[in-house]
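Trainee: The structure is given below, and queries will be raised subsequently.
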Amino acid sequence: MFINQKIIKFLTLIFCFSIFSSIAQTNEDVPLNNIAINEIPKQISPIVFEDFSGNKISLDDYNGKLVVINFWATWCAPCKKEMPSLDELYQSDDFKNLQVFAVNMEEPNRLKTKKFFNNLKIKKLKIFFDSELNFVKEFKLRGVPTTVLINKKGEEFARIIGEVNFQDKKFVKWLSKYD
């Protein structure tokens, strides 16, 4: 009887250890606290949006690239804080197939958005608009900043809710695996 209790305790300990170690391994790959990684990447419907000049852009044209779509607004303080690091990410030599879209979620106001970028000294990022709210519908966006990560197959593989430092070394290393 005493031996059976020891065996049961030992097996319980092994069971708990295996569960906690698998949880720890799962969290090891998560580069940020506010990132949600899709276990199975989600296929995205064709989405059309606009560049700064009002030209139509199709997201499908960027299959084969790692796509980062950052949704922001000029009134959003966290957006203002993270935008320079997103610009630096886009300028990085660590990526060969990276395409970044900074999509302003307000009613298109070219003067206001250009001033926002100029004040932050943004060098490479371009301003895009979603006046028909196609992104909002497809991604069920709830707020800004939100960043959607799309793999080369055109599938959403992760999403960042809220502000992030796009220069975080752990994040850059993790993201480069998808390049």
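The values are calculated or read from the model by the stated rules, or taken from the named source; none is laboratory data. All of these numbers come straight from a predicted model, not from anything done at the bench. Note that we place each Cβ from the backbone using ideal geometry, even for glycine, and neighbour counts take in every protein chain shown.
Trainee: Just name the residue that is surrounded by the most Cβ atoms within 10 Å (Cβ to Cβ) out of those in the range 154-172 that are among the acidic types (Asp, Glu) and outside any loop (DSSP other than H, G, I, E, B).
Mentor: Only one residue tops the list, namely Glu156.
Trainee: Would you be able to say whether some residue in the range 130-142 is under 17 Å from Pro78 (Cα atoms) and among the aliphatic types (A, V, I, L, M)?
Mentor: Checked the range 130-142: at least one residue is under 17 Å from Pro78 (Cα atoms) and among the aliphatic types (A, V, I, L, M).
Trainee: List pairs: first residue in the range 141-163 and closer than 19 Å to Phe128 by Cα, second residue of a type in the set (Gly, Ala, Ser) and assigned to a loop (DSSP other than H, G, I, E, B) anywhere in the structure, Cβ distance under 6 angstrom, at least six positions apart or on different chains.
Mentor: Matching pairs, first to second residue: Val144/Ala73.
Trainee: I've got another one for you. Being of a type in the set (D, E, K, R) and touching a residue at least 60 places away in the same chain (Cβ under 8 Å) is true for just one of Asp87, Asp61, Asp94. Which residue is that?
Mentor: After ruling out the rest, the residue left standing is Asp94.
Trainee: Could you tell me which numbered condition Glu138 fails, if it satisfies all but one of (1) of a type outside the set (A, V, I, L, M, F, W, C); (2) assigned to a loop (DSSP other than H, G, I, E, B); (3) within 15 Å of Ile69 (Cα to Cα)?
Mentor: (2)
Trainee: Is there a residue in the range 89-105 that is of a type in the set (Asp, Glu), assigned by TED's automatic domain parsing to the domain that holds Ile69 and buried (at least 16 other Cβ atoms within 10 Å of the Cβ)?
Mentor: Scanning the range 89-105 turns up no residue that is of a type in the set (Asp, Glu), assigned by TED's automatic domain parsing to the domain that holds Ile69 and buried (at least 16 other Cβ atoms within 10 Å of the Cβ).
Trainee: Shifting gears a bit: Limited to the range 111-127, what total is found for residues that are surrounded by fewer than 11 Cβ atoms within 10 Å (Cβ to Cβ) and basic (Lys, Arg)?
Mentor: 1
Trainee: Also, quick follow-up: What residue, of Asn151, Asn70, is under 20 Å from Pro31 (Cα atoms), polar (S, T, N, Q), buried (at least 16 other Cβ atoms within 10 Å of the Cβ) and in contact with a Cys (Cβ under 9 Å, 6 or more places away or on another chain)?
Mentor: Exactly one residue qualifies, and that residue is Asn70.
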